[in-house]
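Visitor: I'd like to ask you about the structure that follows.
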Amino acid sequence: MTLSLSTLKRPTRLRDQVFEAIRDKVRSGAVAPSERLSEQSLADQLGVSRTPIREALFQLTRDGLLEEQARGYVLPRLTPGDVAEITELRLLLEPPLIKGVAESGDSKLIDRICTIVARERRAMNDPKPRAFVAANADFRRALFDACGNRRLATYADQVNDQIQSIRMKTLQDKGNRRYVVEAHERLIETLRRGDADAAMAEIIGLIEGAGDAYISEIPGHTP
């Protein structure tokens, strides 16, 4: 993924533009687990000074998307305990969020989410999972935005970003990608019916299954 500021919506501050560009790079799967991001390389890519890069990297580290290491920044190395805590937070935040979407009855928003799930299905069997990872990230953004509670969506978004490094590993597997698509399609059906209880049950099952899959990806983990 080539970093660029030109496609963003131009927030007021340059730091915010840089923050969004680097965050989108992480979300899209364009940062490899062993890749080290440096202030200078990112400044060169974006054509800005190192000051807004440094500020954005500090914020991304504080939000849990990156961690500082050896004069650079890398994706966080999560422990089983980290994953369990993030899963617990997701279970607190996302079911009421999904309930809000189901009860909204906004067919245009649900159609938008459905279009993104169709993108996931088209990318599901691609040997390279980048397109699927990008669609998967867009699915969560659209779903969270549709809940009608800006603060709840913001917190859910941040918590999900913290797990992205391991999520990308699990999505290397075609079977896992198929599981995600089918779960998202079932979720869409519950949203179309306006069945909040069924939608919440679907998201709880998906979060719990994902948590188990993420923990299994951690090196040295034994069930």
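Every number here is computed from the coordinates shown, using simple stated rules; none is lab data. Note that the coordinates shown come from a computational prediction; the quantities given were computed from them, not determined experimentally. With ideal geometry, Cβ positions are generated from the backbone for all residues, glycine too; neighbour counts draw on all protein chains shown.
Visitor: Give the aspartates and glutamates reachable from Lys99 as a straight Cα distance under 18 Å; neighbours fewer than 8 places away on the same chain don't count.
Guide: Glu88, Asp111, Asp145, Asp157, Glu185, Glu189, Asp195, Asp197, Glu202, Glu208
Visitor: Another one. Taking Cα pairs under 8 Å and at least six residues apart, what relative contact order does the stretch 15-163 come out at, in percent?
Guide: It rounds to 27 percent for the stretch 15-163.
Visitor: Can you give the FRET efficiency for Ala84 and Ser49, using 1/(1 + (r/R0)^6), R0 = 35 Å, r = Cβ-Cβ distance, to the nearest 0.05?
Guide: 0.30
Visitor: Same structure, new question: Among rounded, prolate and oblate, which fits the stretch 172-223 when a ≥ b ≥ c are the square roots of the eigenvalues of its C-alpha gyration tensor, a/c under 1.5 means rounded, and a/b larger than b/c means prolate?
Guide: oblate
Visitor: Step by step: find N for the chain, compute 2.2 N^0.38 Å, then divide the Cα radius of gyration by it. What's the final number?
Guide: 1.02
Visitor: On to the next question. I need the per residue convex hull volume for the stretch 14-74, using only the alpha carbons, in cubic angstrom as a whole number. Write down the numbers at each step before the final one.
Guide: On the way: hull volume 4.4 nm³, N = 61.
Cα-based convex hull of the stretch 14-74, divided per residue, equals 73 Å³.
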